[in-house]
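Chemist: Handing you this structure, nothing more for now.
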Amino acid sequence: MTAPLDLNTLWFALVGVLFMGYAILDGFDLGVGALHLFAREDQERRLFLNAIGPVWDGNEVWLVTGGGALFAAFPEVYATIFSGFYPAFMLLLFGLIFRAVAIEFRSKQPHPAWRAFWDGSFSVASVAAALLVGVALGNIAWGVPLDAAGEFAGSFLGLLKPYPLLVGVTTVALFAMHGSIYLILKLEGDLQARVRGWAQNTIILFILCYVCTTMATLLYVPHMTAYFKEHPVLFLMPLLTMLAIANIPRELHRGRDFHAFLSSCAAVAALLALFGLGMYPNMVFSSPLAENSLNIYNAASSAKTLKIMLVIAVLGVPLVLSYTASIYWIFRGKVKLDASSY
Amino acid sequence: MDTLFLSRLQFGLTIAFHYIFPPISIGLGLLLVVMEGLYLKTRDPLYHQMTRFWVRVFGLVFSLGVATGIVMEFQFGTNWSAYSRFVGDVFGSALAAEGIFAFFLESGFLAILLFGWNKVSAGMHFFSTLMVCLGAHFSAVWIVVANSWQQTPAGFHLVARDGSARAEITDFWAVVFNPSSLDRLWHVLMGAWQAGAFFVLSVAAWYLLKKRHEAFARASFKIALVVAMGASLLQLVSGHSSAGVVARHQPAKLAAFEGHYATGPGDLALLGWVDESAEKMTGLAMPGMLSFLVHWDASAPVTGLREFPPADRPPVNLVFQSYHLMVAVGMGLIGLAALGLFFLWRKTLESKRWLLWAFVFSVLGPQAANQAGWFSAEVGRQPWIVQGLLRTSDGFSPVVSAGEVLFSIVLFSLVYLMLFILFIFLLNHKIQHGPSEEDLTVGRQRA
C-alpha cells in the first residue's frame, strides 16, 4: 500500500493534475466573475469579460476532462460523490451553464437591463461555482457518512458543516485574489490602478481565510495531517505554499505583476497538492465509519484500464499543453476591444 | 413517479436539448473549412464575408453546446451511479479520451477562430478552423464509441466485486471498434453534416426570398446544397448498414423498428401503428422488404419480438413511430436536396419560391431526424442500459430521491426553455443583421 509509485498512485496524481489545471486556469476566470460587479461602467465590464474571453471556455474543459478521468480511473469515487452530493452538483451545473451563456449573451444586446441581468448572472454563478467546489472538497476532507457499499449515507444539510463552508469561502477568496492579479496583467491605466487596490484587499482576505482553514485542519481534521506526520519531509510542502503566498504581495509591491501571477498560480497548485497529500491514499474519507473510506485501491478501475488511460494521457497531455500554451501566447498582452469582442 | 422514471426523463430531456447543438457545430464546422479554404484559394472577398458571418453563428451554437454538454459529462455520476460503477472501467476511458483529444482541440482553437482575426495570419486562422472542425468530429467519435459499447458490448469481461459485478476492459481496440461503432459513427456524422448544411440552406434561402445579401446567399446556398446532397445520400447508405448491425446484434430492437412479432419473412412498413397487447402492426407495408434489406432475400426469416419475453422488449410502438419518422424525414431530405440541385442546374431555383420556402423550413428536418434516430436507438435498447448486461432499472443512483430529481428536472426545464428562447432570439438577430459589408471590405484588403 505504501509502494512509492504504483499505477493507482500515478492516476491519483494525474487526476489531481487535471483538477489543478482547472483550479489554476478556471480559478482566475471564476475570480474575475467574483469581482465583475465591482467594475462600474459597461466599458469596464466588457474589458473584464474580454480579458477572459478567448480562454474561459478552454479553461472549463479541464473540469470536464478531470471529471472524465475521475470516471475512468476511479469510477467508485465519481459515482459516490456525484450522486451523494446531488443537489450541490446540480446547483454547480446550473452555475456553470449560467456563466457560460452570460458571457456569450451579454454582448448581444445593448439594453442596460439585459446587460445588468447577465452581469449579475455571471458574477453570482462564478461565486457559487467556486463556493460549491470548495464546500465539496471540504466535505471530502472532513469525511462524509458512507455505507459498506461505498454509497453516501448522509443528507444535503449535513454537507453544510462549518469546516466545509470555511473551505468554500477560502476557495472564493483564493480565486478572487487570483482573478484580480490576472486582471492587473490584462488591464491598463485607471482601471488597472483600481484593480491593484482590490488585489491587496483580496490578498488580505485570502490570507485570513487561509490561516483559519489551516488552523481548523490542524485542530479538527487530524486525518488530513496523518500522512505528513508519517513522512516529515513532506512538511516542505506547506512551507513552499506559504512562501508562494507570501511572494504574491512582494512581487506586486515590486511591480513585477507577471511574477505575482505565477506565484498565485503556484499557490493554487500548492494548496491542491496539500489537499491531495493530506487525502492520500484516500479519496473520500468516511466518517463516522472510517473503514468505509474510498481509497485509490478500492475505488479504482482495473490495472489494465489504468495502463490504457496512461497511454491516452501520454499521447494527449503534451498536445493539450502545447495548444493551451499557444493560445495564451497568441492572446497575451492587454485587452483591446474590437468588433469581435464580447 | 420514482427516481428511475424521473432520472430517465431528465436524461432524455437534457440529452435531447444538448443534441440540438453539436450536430450543427459539426456540420457548420465542415462548411467553414470549405468557405475559408475557398477564400484562401480564390481570394474572393465574398468567401471572407461568408466565413466571418458563419463563424459568428458558429460561436453562438457552440456556446450552447458547451453549456449543455457539461451537464452530460456529470450526469452519469449524479443520476446513474450504479451504471457508472458497472461501466466506469470501460466507458470512462472513452469519455476521458473525448476530453483530452476533442474538447481541448475544439475549445482552444475556437478562441483563434472567434477572436484571432487580427492576431494570426490568414493561413493560421484557416488551420484553426480546420482544428475546430476536427475537434468537433473527434467529440462525436468518442461519445459514439461509448454509446455503441452500450449497444453492442465487446472487449470486456465481467468481474465480481464486493457482491456485485462490473465490466472490465480486456481489449481496448475491441471496445473502440465494437460491432456497431463504425456504422453508428458514420450515421451520426452524416446526420450532423445534414444538420449543418440544411441550417445554412435555410438562412440562405430566406435571404434569397427576401432579396437580401443575394451574392452572399447564393454562394452559401451552393456550397451547403452540395454538402446536403452528399450527406443525405451517404446517410441512406449508412442507415442501411447500421440497420444490418442492429439486425445481427440487437434483434429485438430491429423487430421493434418494424413492429415485427412472428419470426419469419419481415415486411417493411411505410406507415403503421403497433398494438402491443395484440402483438400486431397495422399499416402500409412492403412484403418481404425487411428480409430483403437484411439478408438480400425476401423470404429469409427475421427474428420477431415473440422470441423475447415481454420483460425484455422495448416499448414497441414508440420505437416504431420514431424510427419511421426518422426514415421518412431522411427520404424527404434527399428529395429536397435533389430538387434544389435540379433547379439550380436549370438556373430557375430563385424563381421557385415554394422550393425556397421548403428550404427555409428544411432546417427542422435533420433536427427531427437526429432526435428521432437517437430516440429509436436508445429506447429500442430498453429494457437494457447496457445491452444484455445491465438493466436500466438497475442503473440509477439509489441514494438520490425522487424529490431531488424532480427539483432538478423543473430547474433544467425552466433554464433550458429560457436558453432556447434566447438562442432563437439571438440567432434571429444575427440573421436579420446579416453579413457585414465591412467584412467584405476587409476581405478585399486582405486579398
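Chemist: Name the residues of region B:419-447 whose amide N is less than 19 Å from a point 7 angstrom out from the Cα of residue A:113 along the C-beta direction?
Modeler: Those under the cut-off are B:419, B:421-423, B:425-426.
Chemist: Running Debye on region B:1-126 with equal point scatterers at the Cα sites and no solvent, what base-10 log of I(q)/I(0) appears at q = 0.09, 0.11, 0.15 Å⁻¹?
Modeler: Here the Debye-derived log intensity ratios amount to -0.37, -0.51, -0.79.
Chemist: Please report, ordered by residue number, every helix of chain B (full DSSP H runs) that is 15 Å or longer along its axis going by C-alpha atoms and whose mean Kyte-Doolittle hydropathy reaches 1.6.
Modeler: Membrane-span-like by this rule: B:104-115, B:316-345, B:402-433.
Chemist: Continuing with the same structure: Note down the Stokes-Einstein diffusion coefficient of chain B in µm²/s, whole number, using a Kirkwood radius over alpha carbon pairs, 10 °C, and 1.306 mPa s.
Modeler: For these conditions, the coefficient is 68 µm²/s.
Chemist: Report the B-A buried area as the accessible area lost on both sides summed, probe 1.4 Å, in Å² to the nearest 100.
Modeler: 6000 Å²
Chemist: Quick one: grab Rg to one decimal and Dmax as a whole number for region B:206-282, Cα atoms only, in Å.
Modeler: 20.5, 58
Chemist: Let me ask something else. Determine the distance separating the Cα centre of region B:417-439 from the Cα centre of region B:179-257; give it in Å without decimals.
Modeler: Answer, in whole Å: 23.
Chemist: Rounding to the nearest 10 and keeping the result within 0 to 90°, find how far the Cα-based axis of helix A:7-35 lies from the longest principal axis of chain A.
Modeler: Helix A:7-35 and the main axis of chain A meet at about 30 degrees.
Chemist: On a 0 to 90 degree scale, rounded to 10, what angle separates helix A:86-106 from the longest Cα axis of chain A?
Modeler: 20 degrees
Chemist: At most 13 other Cβ atoms within 10 Å and a DSSP loop assignment: could you name the GluC sites (Glu not before Pro) in region A:73-178 that fit?
Modeler: Nothing satisfies the criteria.
Chemist: Only Cα pairs under 8 Å and at least 6 apart count here; give the relative contact order of region B:1-124 as a rounded whole percent.
Modeler: Relative CO of region B:1-124 lands at 28 percent.
Chemist: Binning every alpha carbon pair distance of region B:125-208 at 10 Å from zero, what are the percents per bin?
Modeler: P(r) over region B:125-208, rounded to whole percents: 16, 30, 26, 16, 8, 3, 0.
Chemist: To continue, here is another question. Beyond 22 Å, what share of the Cα-Cα pairs of region B:281-367 remains, rounded to the nearest whole percent?
Modeler: 51 percent
Chemist: Right, here's the next one. From the P(r) of region A:68-192, can you give the percent of Cα pairs sitting at distances over 24 Å?
Modeler: Cα-Cα pairs of region A:68-192 separated by over 24 Å account for 42 percent.
Chemist: Further question: Find the accessible area per residue for region B:3-439; the probe is 1.4 Å, ligands and nucleic acids are left out, and the unit is Å².
Modeler: That works out to 37 Å² per residue.
Chemist: Within region B:3-439, how many lysine pairs that are 8 or more places apart, or on different chains, have C-alpha atoms less than 16 Å apart?
Modeler: Pairs that pass both the separation and distance tests number 6.
Chemist: Sort B:161-173, A:266-278 by the packing proxy (mean of other Cβ within 10 Å over each peptide's residues), most packed first.
Modeler: Top to bottom by mean Cβ count within 10 Å: A:266-278, B:161-173.
Chemist: Convex hull over the Cα atoms of chain A, averaged projected area in nm²?
Modeler: Quarter of the Cα hull surface area: 17.2 nm².
Chemist: Let me check I have the definition right: for region B:213-330, take the eigenvalues of the Cα gyration tensor, multiply each by 5, take square roots. What are those semi-axes in whole Å, largest first?
Modeler: Values for region B:213-330, descending: 34, 15, 12 Å.
Chemist: Filter the trypsin sites (Lys or Arg not before Pro) in region A:28-102 down to the DSSP loop ones having no more than 13 other Cβ atoms within 10 Å, then list what survives.
Modeler: Hits after loop and neighbour filter: A:40.
Chemist: Additional query: How many angstrom lie between the C-alpha centres of region A:91-161 and region A:1-55?
Modeler: Comparing the Cα centres of region A:91-161 and region A:1-55, I get a distance of 14 Å.
Chemist: Just from its helices, what would the mean residue ellipticity at 222 nm be for the protein assembly as shown, if runs of 4 or more DSSP H residues each count -39500 (n - 2.57) and the sum is divided by every residue, rounded to the nearest 500 deg cm²/dmol?
Modeler: -24500 deg cm²/dmol
Chemist: Within straight cross-link reach of residue A:307, meaning Cα distance under 19 Å, which aspartates and glutamates are found once same-chain residues fewer than 8 apart are removed?
Modeler: Cα-Cα hits under 19 Å: A:6, A:76, B:89, B:98, B:168, B:171.
Chemist: Now for a different question. Per residue of A:96-103, what is the mean number of Cβ atoms on other protein chains within 10 angstrom of that residue's Cβ?
Modeler: Taking the mean over all residues of the peptide, I get 6.
Chemist: Still on this model: Take the alpha carbon atoms of region A:262-330, find their center, do the same for region B:40-57, and report the distance between the two centers in whole angstrom.
Modeler: If you average the Cα positions of each part, the centres end up 42 Å apart.
Chemist: Taking the inverse of the average 1/r across all pairs of different Cα atoms in the protein assembly as shown, what Kirkwood radius in Å do you get?
Modeler: Kirkwood radius, the protein assembly as shown: 27.8 Å.
Chemist: Given +1 on the Cβ of Lys and Arg, -1 on the Cβ of Asp and Glu, and no further charges, what dipole in debye does the protein assembly as shown carry about its Cα centre, rounded to the nearest 20?
Modeler: Charge dipole, the protein assembly as shown, about its Cα centre: 2280 debye, nearest 20.
The values are calculated or read from the model by the stated rules, or taken from the named source; none is laboratory data. Everything quoted here is computed from the prediction, not taken from an experiment. Backbone-built Cβ (ideal geometry, glycine too); neighbour counts: all protein chains shown. Areas reflect the complete protein model, heavy atoms only, side chains present, ligands, DNA and RNA absent. Shrake-Rupley method; radii C 1.70, N 1.55, O 1.52, S 1.80 Å.
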